[in-house]
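Participant: Sharing a structure here in structure tokens format.
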Amino acid sequence: MDAAEQATRIKILHAMGLGPMWLSRYASDETAPVVATPAFADTPPAVVLADAGLAAPVSLVDVPPAPVTVVSEPVESVSGMSWETLQAEVASCVACGLCKGRAKTVFGAGDTAATWLFVGEGPGYNENIQGEPFVGAAGQLLDNMLHALGIRRGDRAYIANVVKCRPTDSNGKDRPPTPAEIQACLPYLRRQIALIQPKVIVALGKTAAVALLGVDPETPVSQLRGKEHHLNGVPMVVTYHPAYLLRKPVEKSKAWRDLCLARKALPGSA
Ligand code: SF4
């Protein structure tokens with residue numbers, strides 16, 4: 001690896017919060033083998049750094065779901081809607097009980113003709129207030145992941161969630177959406193995918209992965225990641241939710257591999 005390639009790789013790893021320990025490994029061992037691959041090598045950093053000073057957020061995945069009454073029938077058909085109509089439909093949606101506690105719907109954000117589509121679980125506390133997906137610490141980590149891929153929100157990347165309203169438990173804390181809530185909201189995401197026509201989809205966490213793939217909700221992420229799936233012909237890769245990575249930074253090396261796999265899955269990347 002020449003100096004320019006090494007500088008690029010260091011910059012990208014730093015953007016993911018993987019930099020300093022990775023750097024020290026080579027700084028202390030001049031004879032360490034250097035893998036002659038550019039920024040998206042298959043081999044992840046051997047040691048993973050903590051979360052670059054980001055605070056751990058409220059769990060999005062470990063809180064047991066609380067029952068929420070579905071107040072009307074699931075969304076019927078959105079298959080012919082334009083982007084604007086779809087957005088307006090979501091903003092006024094009462095198709096599931098999540099409408100009752102929301103401050104704002106969180107439709108999604110980014111490039112509406114994006115190459116990359118990232119799909120998370122649902123809005124949390126901050127997202128519900130701001131109406132934007134992935135804000136706060138998890139959002140900052142996601143932005144670093146995008147940066148590592150050479151993209152950013154609004155530039156070849158779109159970020160959406162499986163449900164557009166914030167699911168909360170009886171104590172007002174974030175929780176995963178129930179299967180009924182997911183079924184009610186999924187047509188919106190499907191229409192977003194049809195309109196965006198991404199070249200690759202990255203499912204962030206188990207909820208997004210099982211919802212999009214239609215597999216058993218109990219399927220662990222570990223069984224879904226590390227391979228290329230297809231969603232109506234679009235390659236899809238599963239990785240960990242950024243909130244999980246903040247709690248378990250040791251898993252960032254696997255997320256790195258997932259991003260490399262997604263990049264390889266891009267048509268024409270071979
Ligand atoms: S979560 Fe989705 S289906 Fe439920 S009210 Fe919000 S927009 Fe409608």
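Participant: Go through segment 80-96 residue by residue and tally those that are farther than 24 Å from Asp155 by Cβ, of a type in the set (Val, Ile, Thr) and not in a loop (DSSP other than H, G, I, E, B).
Facilitator: 1
Participant: What is the residue count in segment 123-159 for residues that are of a type in the set (Val, Ile, Thr) and closer than 17 Å to Ala113 by Cβ?
Facilitator: Qualifying residue count, segment 123-159: 2.
Participant: Pick out the one residue from Ala137, Ala95, Ala113 that is in the same structural domain as Ala203 (by TED's automatic domain parsing) and surrounded by 15 or more Cβ atoms within 10 Å (Cβ to Cβ).
Facilitator: None of the others qualify; the one that does is Ala137.
Participant: Quick one: what pairs do we get from segment 156-184, first residue under 24 Å from Met145 (Cβ atoms), second aromatic (Phe, Trp, Tyr) and open to solvent by 30 Å² or more (accessible area, probe 1.4 Å), C-beta under 8 Å, 6+ apart or different chains?
Facilitator: Close Cβ pairs satisfying both conditions: Arg166/Tyr125; Asp174/Tyr125.
Participant: Taking the stated definitions as given, is Tyr158 open to solvent by less than 20 Å² (accessible area, probe 1.4 Å) and of a type in the set (Ser, Thr, Tyr)?
Facilitator: Taking the combined requirement at face value, the residue satisfies it.
Participant: Report, by residue number, each residue of segment 130-152 that is in a loop (DSSP other than H, G, I, E, B) and away from the ligand (no atom under 16 Å from the Cβ).
Facilitator: Phe134, Val135, Leu149, Gly150, Ile151
Participant: Further, regarding this structure: For segment 97-129, name all the residues that are modelled with pLDDT of 95 or more, assigned to a loop (DSSP other than H, G, I, E, B) and over 25 Å from Val202 (Cβ atoms).
Facilitator: The answer is Arg102, Ala103.
Participant: Given the conditions (1) open to solvent by 20 Å² or more (accessible area, probe 1.4 Å); (2) over 15 Å from the mean Cα position of the chain (by Cα), which single one is not true for Lys254?
Facilitator: Evaluating Lys254 over (1) open to solvent by 20 Å² or more (accessible area, probe 1.4 Å); (2) over 15 Å from the mean Cα position of the chain (by Cα) leaves (2) as the failure.
Participant: Could you say which residue among Gly124, Gly131, Gly97, Gly139 is on the phi > 0 side of the Ramachandran plot and out of contact with any His (no Cβ under 9 Å at 6 or more places or on another chain)?
Facilitator: Gly131
Participant: For segment 213-229, does any single residue satisfy the condition of being closer than 16 Å to Trp116 by Cα, assigned by TED's automatic domain parsing to the domain that holds Glu121, open to solvent by 50 Å² or more (accessible area, probe 1.4 Å) and without any contact (Cβ under 8 Å) to a residue 12 or more places away in the chain?
Facilitator: no
The values are calculated or read from the model by the stated rules, or taken from the named source; none is laboratory data. Treat the numbers as computed from the prediction; the structure is a model and nothing was measured. Neighbour counts are summed over all protein chains in view; Cβ atoms, including those assigned to glycine, are modelled from backbone coordinates with ideal geometry. These area figures cover heavy atoms from the full protein model, side chains too; ligands, DNA and RNA do not enter into them. Shrake-Rupley method; radii C 1.70, N 1.55, O 1.52, S 1.80 Å.
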